[in-house]
């Protein structure tokens, strides 16, 4: 597989925009999630962007017009399955550091939340 030329990339982007796709982002409040959200909005590839997280983010301005937020309890994620419905693409930027969460908390975020719940709910949506 070769790297697309700039013209081919532009055509792919335009084609994707025309599909009226929706995405969700888990963990948009972290450093990686913030960068991903900025890039997703900059490229305008998705007609709807849903941020799924523990708390509401302060997002103001016209470039957030197609962004909605779903506040969930990651300890009871099954109760929030509806937040994952209606999306074509999902991004997972959940994470923490051992310094912030300790070893047990670090493992809990890495294993329980990221893989078991988030992926299962996204697949079921």
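Computed quantities for the displayed model
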quantity: Inter-label distance for residue 75 and residue 38, nm, one decimal - labels placed 7 Å from Cα along Cα-to-Cβ; calculated: 3.3 nm
quantity: Theoretical FRET efficiency, 1/(1+(r/R0)^6), r = Cβ-Cβ of residue 31 and residue 10, R0 30 Å, to 0.05; calculated: 0.55
quantity: Listed peptides 28-37, 12-21 by packing density, highest first (mean Cβ within 10 Å); calculated: 28-37, 12-21
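Bear in mind that the values in this text are calculations on the coordinates, not laboratory data. Not measured: the values here are computed from a predicted model. With ideal geometry, Cβ positions are generated from the backbone for all residues, glycine too; neighbour counts draw on all protein chains shown.
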